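Trainee: Below you'll find the structure I mean.
The values are calculated or read from the model by the stated rules, or taken from the named source; none is laboratory data. Everything quoted here is computed from the prediction, not taken from an experiment. Cβ atoms come from the backbone with ideal geometry, glycine included; neighbour counts cover every protein chain shown.
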Amino acid sequence: MMSRKSYYLIITLLFLLGAALMLYRNIAFEVPWFPSEQREIWSVEAKIRFSANQENQPVKLSFAVPRSQRGFTVLSETPSSPGYGVNFTQDKNQGRAIYATREASGPQELFYTVNILKDPAARDQEVKIPRIRFSEDDDITTSAKNALITAARGRSADTATLVTELYKIISSADQNAKLLLKDTKASVLITDLLLRAGIPARVVNVLNLKDKRKRQSLEDMVQFFDGEDYFLLDPRDGSFGHPEDVLLWEYNSTPLIDLTGGSNAEASFSMARKYVPARTALSEKFSNTELINFSLDLLPLEEQAIFRDILLLPVGVLVVVFLRIVVGLKTSGTFMPVLIAMAFMKTHLLVGVVGLLLIVSIGLIIRFYLSRLNLLLVARISSVIIAVIGIIVFLTVITFQFGITEGMKITFFPMIILSWTIERMSILWEEEGARQVFVQGGGSLLVAILAYLAMSSLLIQHLTFNFLGLQLIIAALVLMLGNYSGYRLTELKRFKPLVDELSAQGQPGSSGKISSGD
Amino acid sequence: MFGFLKNYTSPFKLAKIGIMGMNVRNCRYISPYNPRELYPLVDDKLQTKRIAMKYGVTVPVLIGCIRHQHEVGGFTSLIGDRTEFCIKPAQGSGGKGILVVAGRSGDHFLKPNRQKITVHDIERHISNILAGLFSLGGKLDKVLIEELIHFDNVFDGYSFEGVPDSRVIVFRGFPVMSMMRLSTARSDGKANLHQGAVGVGLCLNTGRAVRAVQFNTPVYVHPDTGSDLSKLQVPHWERVLTLASSCYEMSGLGYIGTDIVLDRDKGPMLLELNARPGLAIQIANAAGLLPRLRQIEKLLKDDPRMTVEERVAYSRKHFGVYQE
């Protein structure tokens, strides 16, 4: 009884562990369940123009650049700027590209390209909440501002409603608002008012991501904080929240461009969207992660290709186990069909089946001749192996002569396995007749084709390679099938006449007798 | 669209009759009752013979054994001037690799169907056996040369070539079902039902034929000889069952098929044991094995010690079909 218990325990554990590993891959590494899933990558190019102040003098330019943030992951960035040295730094949480040269004269152009993955799983990295600080104004301005705040406060309950009310007042025909907006931008005014009302806020420079746009400039928005979270307020229409296609470019109250040795700097942006397979995008994203990454992506490409094949084997094995235990198909050699199916993966189905049938039938003819020579078994099998190689070489050369390059692919067949198959089939032929050869040979071929169909499915290839946990689930399924004690499908057919007979004659067990002669 | 389904029966009907399937046989009976380490005793006929002799179970007389390729040449001196003998692989399965020589004609040997074969042919056959052609997994094998069995005259006309043998399934020492396998022209003289041999279900009480099937369909006369199969009755039935039942103590295996032949002179003889007996016996008997196996399991829960005679008596009483 104990072993039964541990059997179910092991199956449950394998199943749970496998499922957990798969979920971990899906959640932590965002590996999608389906291979067709695509991800959106934005390629943004910033062009900075300025004029050097003097002939052949050093110039240093610091340009704010975006970092991974809520909704976006920065995959790669490349500055390009002939004659400039570039390095990246971090200043007050703001990423910056520092361009420097010893000698510059006349108009200058610098470039900065960044690839950004649109990534719902990306989180903000260390957002510094701005401190409540505002400049002292003259009395009139101060009282105008205070009047606006008081008015808005009176009509609001919390931060969100306060912001809405403030925006309403500013965009209305209010006297104070008009006065204040005369020489201040709306975003700056709203920020100032929010700070005075005790709500942390700052002006940020954002890029609206729109496909195939050129010569765009950054727009300003108000970032205000409600507790730990922040919202972006668009000063043009008063909407706030977390707009989807808005990339925070400069968001730490630092200058966008800080230039020494030049003037009239301005940046323009162009951008393009592309869709790439999720795996490509994510392998870039997780190329240097600290998470426990037990993934085959880390291996060199050649080894990856090998594992791609190896990890499919359990799927083929599962198919064989199912077909043998539940369906009851007869095959020649338990796992020979899986190996044949692996060869089909390389040759493709039609070429594979035709090639296999050709090799086996020519091999059988040769084997029948060999059986007359009265050889020892090992020597005979070895001769069959050599004969099979000969057949493969012959078929390959012949088909190539006819310009059919598919013929080359039959070299993928496992020759030793084929030789054993030929040997076994010829014995089967001699012992039990041609019928059994076709039954078992056909059964093997059917199982091989079904295993091939399972293994060649893109979804299954994707799942086996990317979710190693699936292997544990397959193991659990195989263990479960190992305890299947129900009838096989073929037995339902085999015992059908008996059941019919018994049910036609009444009581089971005491019927169907030969009427005794006496 | 589902027309093909009419060729299949419902698993519930099968379960109701108590038909044993391959999976339940492997999972519930062979695996728990047949300890793996005892398999060599039955898979190797030489070992079976050895323990059978130790337990006083009658077996065909061994003329000689060939273990190595270099001994193949000594085959002729081994058989001497015997005209009939039987060559078997020690680890063959399903009757594979058995060569029966029934006579001599000059330098040639004769198969039971009078087909001539040369010494060369026989030596090649022996080489094939040694190289593992007929053994499971192609393992190197040994060759047994045995005296030919002269089967009892009562079976005259019931078999085409080949020896008609009785298969008795023995579960934990209790005979639970039996049949006789009659070779036919279709089965090429072999006793395997799937090759076309006739399976005759036998009443466990009397050894009388219950019914007969060939390829899953009932037959009433032997297809080659036309003999009335309903008249078939195995003589010395009690001895056959006793022999089968005592194989349990001898082999230690809980679920076995015992193949027993009746020699004209020596009576019932154990031909071989099978640790994985097939399911066709149920078709031959038109009865399921499972109810009987469950009955034995239930019985042994209360009273674990029974002698061979008591077990045979129990089986005859409970699993028989006819009184006389």
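Table: residues versus (1) outside any loop (DSSP other than H, G, I, E, B); (2) at positive phi; (3) in the same structural domain as residue B:255 (by TED's automatic domain parsing).
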site: B:23; (1), (2), (3): yes, no, yes
site: B:47; (1), (2), (3): yes, no, no
site: B:52; (1), (2), (3): yes, no, no
site: B:56; (1), (2), (3): no, yes, no
site: B:70; (1), (2), (3): yes, no, no
site: B:76; (1), (2), (3): yes, no, no
site: B:81; (1), (2), (3): no, no, no
site: B:87; (1), (2), (3): yes, no, no
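Each row is one residue, and each column tells you yes or no for (1) farther than 18 Å from residue A:433 by Cα; (2) at pLDDT 90 or above; (3) among the hydrophobic types (A, V, I, L, M, F, W, C); (4) not in a loop (DSSP other than H, G, I, E, B).
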{"residue": "B:158", "(1), (2), (3), (4)": "yes, no, no, no"}
{"residue": "B:163", "(1), (2), (3), (4)": "yes, no, yes, no"}
{"residue": "B:177", "(1), (2), (3), (4)": "yes, yes, yes, yes"}
{"residue": "B:194", "(1), (2), (3), (4)": "no, no, no, yes"}
{"residue": "B:199", "(1), (2), (3), (4)": "yes, yes, no, yes"}
{"residue": "B:205", "(1), (2), (3), (4)": "yes, yes, no, no"}
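Trainee: Let me ask something else. With the condition being within 21 Å of residue B:183 (Cα to Cα) and assigned by TED's automatic domain parsing to the domain that holds residue B:72, I'd like the strands (runs of 3 or more DSSP E) fully within the range B:98-146 carrying at least 2 qualifying residues.
Mentor: Ranges flagged: B:99-101.
Trainee: Another one. Run down B:281, B:260 and say which single residue is closer than 20 Å to residue B:187 by Cβ, among the β-branched types (Val, Ile, Thr) and more than 14 Å from chain A (Cβ to nearest Cβ).
Mentor: Criteria check complete, one pass: B:260.
Trainee: Here's something else I'd like to know. For the range A:58-106, how many residues meet the condition of being among the aromatic types (Phe, Trp, Tyr) and under 27 Å from residue A:281 (Cβ atoms)?
Mentor: Residues flagged as among the aromatic types (Phe, Trp, Tyr) and under 27 Å from residue A:281 (Cβ atoms) within the range A:58-106 amount to 3.
Trainee: As an exercise: evaluate residue A:140 against (1) surrounded by 13 or more Cβ atoms within 10 Å (Cβ to Cβ); (2) without any contact (Cβ under 8 Å) to a residue 60 or more places away in the chain; (3) outside any loop (DSSP other than H, G, I, E, B) and give the number of the one condition it does not meet.
Mentor: Result: residue A:140 passes all but (1).
Trainee: What is the one condition in (1) touching a Phe, Trp or Tyr at 6+ places or on another chain (Cβ under 9 Å); (2) of a type in the set (Lys, Arg); (3) more than 10 Å from chain A (Cβ to nearest Cβ) that residue B:54 does not satisfy?
Mentor: The number of the failed condition is (1).
Trainee: Within the range B:15-27, how many residues are surrounded by 18 or more Cβ atoms within 10 Å (Cβ to Cβ) and either farther than 28 Å from residue B:275 by Cα or free of Cβ contacts under 8 Å to residues at least 40 places away in the same chain (or both)?
Mentor: The qualifying residues number 1.
Trainee: Among A:209, A:218, A:179, which is surrounded by fewer than 16 Cβ atoms within 10 Å (Cβ to Cβ) and aliphatic (A, V, I, L, M)?
Mentor: Of A:209, A:218, A:179, the one residue that is surrounded by fewer than 16 Cβ atoms within 10 Å (Cβ to Cβ) and aliphatic (A, V, I, L, M) is A:179.
Trainee: Would you please name the residue that is nearest to the other protein chains (Cβ to nearest Cβ), looking only at residues in the range A:365-382 that are within 13 Å of residue A:420 (Cβ to Cβ) and not β-branched (Val, Ile, Thr)?
Mentor: Only one residue tops the list, namely A:377.
Trainee: What number of residues within the range B:214-256 are touching a residue at least 24 places away in the same chain (Cβ under 8 Å), under 25 Å from residue B:315 (Cα atoms) and within 12 Å of chain A (Cβ to nearest Cβ)?
Mentor: Of the residues in that region, 3 qualify.
Trainee: Can you report the number of residues in the range B:11-24 which are at pLDDT 90 or above and more than 9 Å from chain A (Cβ to nearest Cβ)?
Mentor: 1
Trainee: Right, next: Output the number of the condition that residue B:8 fails; it satisfies all remaining conditions of (1) under 25 Å from residue B:294 (Cβ atoms); (2) of a type outside the set (Val, Ile, Thr); (3) within 14 Å of another protein chain (Cβ to nearest Cβ).
Mentor: Of (1) under 25 Å from residue B:294 (Cβ atoms); (2) of a type outside the set (Val, Ile, Thr); (3) within 14 Å of another protein chain (Cβ to nearest Cβ), only one is false for residue B:8: (1).
Trainee: Yes or no: residue B:250 over 20 Å from residue B:25 (Cβ atoms), part of a strand (DSSP E or B) and at pLDDT 90 or above?
Mentor: no
Trainee: Something else now. Out of the range A:321-353, which residues are crowded, with 21+ Cβ neighbours inside 10 Å and touching a Pro at 6+ places or on another chain (Cβ under 6 Å)?
Mentor: Of everything in the range A:321-353, just one residue is crowded, with 21+ Cβ neighbours inside 10 Å and touching a Pro at 6+ places or on another chain (Cβ under 6 Å), namely A:331.
Trainee: Also, I was wondering about something else. For the range B:114-155, which residues satisfy the criterion of being on the phi > 0 side of the Ramachandran plot and either in contact with a strand residue (DSSP E or B) (Cβ under 7 Å, 6 or more places away or on another chain) or within 11 Å of chain A (Cβ to nearest Cβ) (or both)?
Mentor: Selection gives B:132, B:137, B:138.
Trainee: Related question: If you check every pair at least six apart or on different chains, which have Cβ atoms under 7 Å apart with a residue in the range B:187-208 that is over 12 Å from residue B:166 (Cα atoms) and assigned by TED's automatic domain parsing to the domain that holds residue B:219 first and a residue that is modelled with pLDDT of 90 or more and among the aromatic types (Phe, Trp, Tyr) second?
Mentor: What qualifies is B:206/B:237.
Trainee: Search the range A:466-491 for residues that are aromatic (Phe, Trp, Tyr) and pair each with any residue that is at pLDDT below 95 and part of a loop (DSSP other than H, G, I, E, B) when their beta-carbon atoms are under 9 Å apart and the residues are at least 6 apart or on different chains.
Mentor: A:467/A:31; A:467/A:33; A:487/A:328; A:487/A:495; A:487/B:19; A:487/B:21
Matching residues to (1) out of contact with any His (no Cβ under 9 Å at 6 or more places or on another chain); (2) within 30 Å of residue B:186 (Cβ to Cβ); (3) touching a residue at least 24 places away in the same chain (Cβ under 8 Å):
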| residue | (1), (2), (3) |
| --- | --- |
| A:370 | yes, yes, no |
| A:379 | yes, no, no |
| A:391 | yes, no, yes |
| A:394 | yes, no, no |
| A:400 | yes, no, no |
| A:416 | yes, no, yes |
| A:422 | yes, yes, yes |
| A:435 | yes, yes, no |
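Trainee: Would you mind telling me which numbered condition in (1) within 30 Å of residue A:484 (Cα to Cα); (2) more than 36 Å from the chain's Cα centre (by Cα); (3) assigned to a helix (DSSP H, G or I) residue A:368 fails?
Mentor: So the condition that residue A:368 fails would be (1).
Trainee: Another question about this same structure. Yes or no: the range A:117-127 includes at least one residue that is modelled with pLDDT of 85 or more and not acidic (Asp, Glu).
Mentor: Yes, the range A:117-127 contains at least one residue that is modelled with pLDDT of 85 or more and not acidic (Asp, Glu).
Trainee: Those residues that are surrounded by fewer than 16 Cβ atoms within 10 Å (Cβ to Cβ) and hydroxyl-bearing (Ser, Thr, Tyr), I need them from the range A:6-52; list them, please.
Mentor: Answer for the range A:6-52, where residues must be surrounded by fewer than 16 Cβ atoms within 10 Å (Cβ to Cβ) and hydroxyl-bearing (Ser, Thr, Tyr): A:6, A:7, A:8, A:12, A:36, A:43, A:51.
Trainee: Go through the range A:45-58 and count every residue that is out of contact with any Phe, Trp or Tyr (no Cβ under 8 Å at 6 or more places or on another chain) and not aromatic (Phe, Trp, Tyr).
Mentor: The total comes to 9.
Trainee: If I go through the range A:476-502 residue by residue, how many of them are more than 7 Å from chain B (Cβ to nearest Cβ) and hydroxyl-bearing (Ser, Thr, Tyr)?
Mentor: Of the residues in the range A:476-502, 1 are more than 7 Å from chain B (Cβ to nearest Cβ) and hydroxyl-bearing (Ser, Thr, Tyr).
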